[in-house]
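Notes for the one structure printed next.
The values are calculated or read from the model by the stated rules, or taken from the named source; none is laboratory data. Everything quoted here is computed from the prediction, not taken from an experiment. Please note: Cβ atoms are built from the backbone with ideal geometry, for glycine as well, and neighbour counts cover all protein chains shown.
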Amino acid sequence: MTGSARRKLFVLAPVSALALGLTGCATTSESKVAIGLVVPTSGAHKSIGTDMSRGFDLYLDQHGGKLGGRLVDVIEADEGDRVSTGVAAVSRLIEDEEVQAVVGLVGSETALAAKDVADSRETPLIVTGAGADQFADGSDYLWRTSTTNADLGGSLGNAVAQETDRGSAYVVASDDAAGHEFSDSFMIAFEASGGGVAGQSYTPAAVTEDWSGLFEKVKKSRADAIYAAYTGKEAEAFVQQYRDSGLARSTPLYGPGFLTEGDVLSTLGGDATGVRTVLHYSDAMDSLMNDAFVKDYRKAYDATPTAYSVQAYDAAAALDKALGLSDDVDRNEIADSLGSVGTIVSPRGNWTFDPNHNPDQSYFLRVVRGTADGPRNVVLEEIASTGS
């Protein structure tokens, strides 16, 4: 759906074993709470928006359409591809629809612009996608259930240094704020761990289609590895051309998890085999919680969950606990209660909000391998934990 269409929630029955033990602090109140969901329902990141909507809805389906014991009215708006579209959607939900909280946002620049809207209107905004380092700053109204760009890039630096025996890496990324945050944090950690940067290249964001000249630079640099930071269609095209260039036979490819996440991996299939990424989640994680989550998600949507799905699922879990702690459906009280939700039990593993309201969580090195269910991001090891 696009625009500010109100959605009716479909409740799954029977509720699976995953829902047991996850229900927030319930209240006997039957008052409703309006939650705004701003995700891309059109444009280049539509599939990410679909994953987020499904993750949020699945949590509600498993909890009778309620958060904190209150029936939920989800009002969805299209983030689109532009900052102006996303910010307008957030403003409209807060001012015209009078929602008690807003969840979503994929674009980093959109999140940075929307933070002022949420802060000034004293409305909780829980980002479930955008990783802009400067978004969450400890404001009572700004929260994030995804990652920061610096955490992703930095957590991979030491691992790549070890895997290349402190060799060299060629760094490539989109020439925008996110691309530089991903790359700068990686290079700092990589060099601190004994690695060396063989070269750097930054490509025009969202419009680059041909990396052939760049791959020639990589070959001439004799780098031991490539670190690439792309998302969506750019990630798909980059990985495909990396495979076609022949570099995959000699120079391993690393990057933030979005390089092989969701629709990107589905489209690339076996051509992504061997690509190593870092992320806080994989549908192939071996735990009872994740097994149940994947099973329920596949049953509900005939699709495999992604990190985007989990991030939205966990936003619903955080709101469930916060609303359970709130006496009234009030923006300020919900914001205050979010600071007291404690541990979020999640398919990614348990985590908490840090002082700046980003997740304290573990990060895992993953590699794409063929499995009985097709190519998947198989977890190799935990390589960092922001909570330690």
From the options Y227, Y242, residue that is crowded, with 22+ Cβ neighbours inside 10 Å, in a helix (DSSP H, G or I) and in contact (Cβ under 8 Å) with a residue 12 or more places away in the chain: Y242
Of the criteria (1) touching a helix residue (DSSP H, G or I) at 6+ places or on another chain (Cβ under 8 Å); (2) buried (at least 23 other Cβ atoms within 10 Å of the Cβ); (3) not in a strand (DSSP E or B), which one D140 fails: (2)
Tally, over region 374-388, of residues that are touching a residue at least 40 places away in the same chain (Cβ under 8 Å), in contact with a Ser or Thr (Cβ under 8 Å, 6 or more places away or on another chain) and farther than 20 Å from Y313 by Cβ: 4
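So that you can scan it fast, the table gives a plain yes or no per residue for (1) under 24 Å from Y230 (Cα atoms); (2) surrounded by fewer than 24 Cβ atoms within 10 Å (Cβ to Cβ):
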| residue | (1), (2) |
| --- | --- |
| L37 | no, no |
| I75 | no, yes |
| Q100 | no, no |
| A114 | yes, no |
Exclusive hit being among the basic types (K, R) and surrounded by 24 or more Cβ atoms within 10 Å (Cβ to Cβ), set R348, R376, R331: R348
Residue count, region 66-123 (criterion: within 21 Å of the chain's Cα centre (by Cα), closer than 12 Å to G36 by Cβ and part of a loop (DSSP other than H, G, I, E, B)): 2
Residue within region 290-300 that is surrounded by 23 or more Cβ atoms within 10 Å (Cβ to Cβ) and either hydroxyl-bearing (S, T, Y) or touching a Lys or Arg at 6+ places or on another chain (Cβ under 9 Å) (or both) present: yes
Which listed residue is part of a helix (DSSP H, G or I), outside the structural domain of D81 (by TED's automatic domain parsing) and closer than 21 Å to D133 by Cα, from G157, G213: G157
Subset of region 260-283 that is aliphatic (A, V, I, L, M) and not in a helix (DSSP H, G or I) - its residue that is nearest to V160 (Cα to Cα): V278
Test: R366 is closer than 30 Å to G157 by Cα and in a loop (DSSP other than H, G, I, E, B): no
Residue that is nearest to G179 (Cα to Cα), among those in region 84-140 that are in contact (Cβ under 8 Å) with a residue 40 or more places away in the chain and of a type in the set (S, T, Y): S108
Any chance L338 is of a type outside the set (G, A, S), crowded, with 22+ Cβ neighbours inside 10 Å, within 15 Å of K32 (Cα to Cα) and modelled with pLDDT of 95 or more: no
Region 168-221, subset more than 24 Å from A44 (Cβ to Cβ) and of a type in the set (A, V, I, L, M), residue surrounded by the most Cβ atoms within 10 Å (Cβ to Cβ): A169
Subset of region 245-259 (residues that are within 23 Å of G49 (Cα to Cα) and outside any helix (DSSP H, G or I)): G255, P256
